[in-house]
1. With every protein chain left in place, what is the accessible area per residue of the chain in square angstrom, probe 1.4 Å?
2. Using a Förster radius of 41 Å, what is the FRET efficiency between residue 95 and residue 229 based on their Cβ-Cβ separation? Nearest 0.05, please.
3. Express the carbon and sulfur contribution to the solvent-accessible surface of the stretch 1-76 as a percent, rounded to the nearest whole number, probe 1.4 angstrom.
4. Please work out whether the stretch 213-300 counts as rounded, prolate or oblate from its C-alpha gyration tensor, where a ≥ b ≥ c are the square roots of the eigenvalues and a/c under 1.5 means rounded, while otherwise a/b larger than b/c means prolate and anything else oblate?
5. Which loop GluC sites (Glu not before Pro) in the stretch 75-157, with loop taken from DSSP, have no more than 12 other Cβ atoms within 10 angstrom of their Cβ?
6. Using only Cα atoms, figure out Rg for the chain and give it as a multiple of 2.2 N^0.38 Å.
7. If you average the sequence gap of Cα pairs under 8 Å that are 6 or more apart and divide by the length of the stretch 302-445, what percent do you get for the contact order?
8. Test of understanding: express the Cα radius of gyration of the stretch 3-105 as a ratio to 2.2 N^0.38 Å, with N the residue count.
Amino acid sequence: MRFVSDSPRVAVIGFGYVGSCLGVTLAELGVPVVAVDDDASLVERLRAGECPIPEPGLAEALGRVRDTGLLTFTTDHDAVRDADVVVITVGTPVDEDGALLTGALEQACVQVAARIRPGCLVILKSTVSPGTTTNLVIPLLEGSGLRAERDFGLSFCPERLAEGAALAQLRTLPIIVGGRGPASTAATVRFWADTLGTATHPLPSPEAAEVAKLATNWWIDANIAIANEVAQLCAAFDVDVLDVLGATNQLPKGDRHVNILLPSIGVGGSCLVKDPWMVWRAARDRGVELRTVPVSRGVNDGMPEHTARLIGAELAGLGVPPAGAVVAVLGVSFKNDTGDLRNTPVAGVVEALRAQGCAVRLFDPLADAEEVRARFGIRPTATLEDAVDGAHCVAVLAGHRPFHDLDLAVLRARAAHPCLVFDGRRYFPKADIEEMRRLGLRYRGIGR
Ligand SMILES: NC(=O)c1ccc[n+]([C@@H]2O[C@H](COP(=O)([O-])OP(=O)(O)OC[C@H]3O[C@@H](n4cnc5c(N)ncnc54)[C@H](O)[C@@H]3O)[C@@H](O)[C@H]2O)c1
């Protein structure tokens, strides 16, 4: 059977971060999309024209498709009956032992199975441990009485987008396709080419695609752990980690270059903190012990404490006792240029600073103020000026683009004397650091 018609109607099951970036992009490209999410309040907010997902450009894109009729929102899974392609993007958390919690995924599959039609293509995008597509998703979908690869197409296509750059990446990043069989793979390759216009990278099985996804995030986490340890080594020898990485990363290795990523205050978000554990647990269940996973996770999880210790020591070195010092944190999300607070390492830094007696102020132009208050127990300031006035330390812990225009002279004038500028992941250029020295601001970064 050949799956998917020439002008497919798409149902996206789970309209959180991944689902909304994908669904909005497809609708912008003229594809009719129905967003199905069990969260009634989320659906209400979307219907009211709100964009609850803090991804740059998403609110604007949502605005552009609003009146086209191409994107509709519902909690009613019956919408699947009219779909030619069903994309599953529900959350897949892990428990404390790294085991995949399949509740939402199972429920979504049962809901789809009750409504799926012959000729349909189902694409799973949620991150899962190896074997999940074959051993869990397919049997649940076949509860419909239809057979995967014979009556409906089924592929696992891992989502690899990076928050902050998701909308651009969605239209450019090649999509890995792990089809149930050749017909599923062919239909999936064609679907992505006809809609997003992206290249695809077919793999021989869903398992290969599942491992590829997890190996990617395992590598990223381990690479960042190395960067964080190189940074600590650099600090011990009073050299700038960015000078060092500029040199290491020039070396050709294999058909690429050495590519040590950037050090920072830690790793957060929804993927890097859980996917390495998911692969570690899946390996252990097969009798394979992955030793790099716990080591890398440990290094990266230790960075928020390390950051707070550095700030405390620098303040003490300036003659400012950390107890009672005012620290203005600029950027509270888990990385640059997103307002996403999930597993943000800034929370660990703030907690450790408060444990030292620091008074912490927060400012983030991208994060939702109410979410910040709920997450940190601190109401964020409305403006950057409110945060930095009289502060003994200005800690840029997420280097959002608006902080690139920080006026250092104004900062000097408003902050306390002396004042530490701490660089968590802004990676201030050398010229700015020189300027800070000239103005009498003390600069310190991770490995700098
Ligand atoms: N956030 C990222 O950047 C990213 C990147 C790559 C991969 N992933 C993976 O993609 C998946 C989704 O991640 P996310 O960040 O979008 O999660 P999310 O928590 O933001 O969104 C999941 C959505 O699914 C909905 N949902 C749960 N069960 C449902 C059901 N049965 N029917 C309909 N809706 C249901 C929830 O209400 C929620 O809105 C996860 O497996 C994640 O690991 C995420």
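The values are calculated or read from the model by the stated rules, or taken from the named source; none is laboratory data. Because the structure is predicted, anything quoted here is derived from the model rather than measured. Methodologically, a virtual Cβ is constructed for each residue, glycine included, from the backbone with ideal geometry; neighbour enumeration extends over all protein chains shown. All accessible areas refer to the heavy atoms of the entire protein, side chains included, with ligands and DNA or RNA removed. Shrake-Rupley method; radii C 1.70, N 1.55, O 1.52, S 1.80 Å.
1. On a per-residue basis, the chain sits at 42 Å².
2. Efficiency at R0 = 41 Å is approximately 0.90.
3. Working: 1620 of 3250 Å².
Roughly 50 percent of what the probe reaches on the stretch 1-76 is carbon or sulfur.
4. Values: a/c = 2.39, a/b = 1.69, b/c = 1.41.
Note, shape of the stretch 213-300 comes out prolate.
5. 96
6. Working: Rg = 23.7 Å, N = 448, 2.2 N^0.38 = 22.4 Å.
The chain yields a ratio of 1.06.
7. 24 percent
8. Cα-based Rg divided by the globular estimate yields 1.10.
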